[in-house]
Amino acid sequence: YTFSIKNKGNNKVGDRSKGEGLRARLEPYEKLITASKEAMGFNIFEPEEDEGSGLGNGTSFVSILEGNETGEFIIFYDLGVEEETAEVHHVPPKEQLNQLHKNALEATLIISLGKDEIARFDLSKKD
């Protein structure tokens, strides 16, 4: 997932000296969780569930946005490898990946500043 978020205000959002930076996370809806379980055999959105799969997930984003600045937020989930290996989960069949892709936006993007939630975006809304 890649999102662009713009600070439309004039003031900086986030303060490194206070350890208050922006963070992004996904909260999947049941349709996306079900698609994940069907494709992967577990819920990829719960790190505890992928234990032993050899897979991971991560984020990359700017933690501070100056006034009128746009920042990019990336959230990713490993889905497997193509070659057979005992250490890493094998990539699911194409049909299951397509189902996961079809439901990828059945989630809410949550933006936090420090410990406070500051915005929610329902990704399933088409407009």
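The values are calculated or read from the model by the stated rules, or taken from the named source; none is laboratory data. Keep in mind that what you see is a predicted model, and the values were worked out from it rather than measured. Every residue, glycine as well, gets a Cβ built from its backbone with ideal geometry; the counts of neighbours run over all protein chains shown. The area values use the complete protein model at the heavy-atom level, side chains included, leaving out ligands, DNA and RNA. Shrake-Rupley method; radii C 1.70, N 1.55, O 1.52, S 1.80 Å.
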Of those in segment 82-126 that are in contact with a helix residue (DSSP H, G or I) (Cβ under 9 Å, 6 or more places away or on another chain) and of a type in the set (A, V, I, L, M), the residue nearest to Pro28 (Cα to Cα) is Ala107
Return yes when Arg120 is modelled with pLDDT of 95 or more, open to solvent by 70 Å² or more (accessible area, probe 1.4 Å) and within 15 Å of the chain's Cα centre (by Cα) and no when it is not. yes
Pick out, from segment 42-127, the strands (runs of 3 or more DSSP E) lying fully within it that include 2 or more residues that are of a type in the set (D, E, K, R). 116-122
Phe3: of a type outside the set (Lys, Arg), touching a Pro at 6+ places or on another chain (Cβ under 7 Å), within 26 Å of Gly71 (Cβ to Cβ) and surrounded by 11 or more Cβ atoms within 10 Å (Cβ to Cβ), yes or no? no
Of the residues that make up segment 24-36, is at least one in contact with a strand residue (DSSP E or B) (Cβ under 6 Å, 6 or more places away or on another chain) and more than 23 Å from Leu97 (Cβ to Cβ)? yes
Looking at segment 45-61, is at least one residue loosely packed, with under 13 Cβ neighbours inside 10 Å, touching a Ser or Thr at 6+ places or on another chain (Cβ under 7 Å) and modelled with pLDDT under 95? no
Would a scan of segment 77-97 turn up a residue that is surrounded by fewer than 16 Cβ atoms within 10 Å (Cβ to Cβ) and among the aromatic types (Phe, Trp, Tyr)? no
Output for segment 6-44, where each listed residue is open to solvent by less than 100 Å² (accessible area, probe 1.4 Å), in contact (Cβ under 8 Å) with a residue 60 or more places away in the chain and more than 21 Å from Leu55 (Cβ to Cβ): Asn7, Val13, Gly14, Gly19, Glu20, Gly21, Leu22, Tyr29
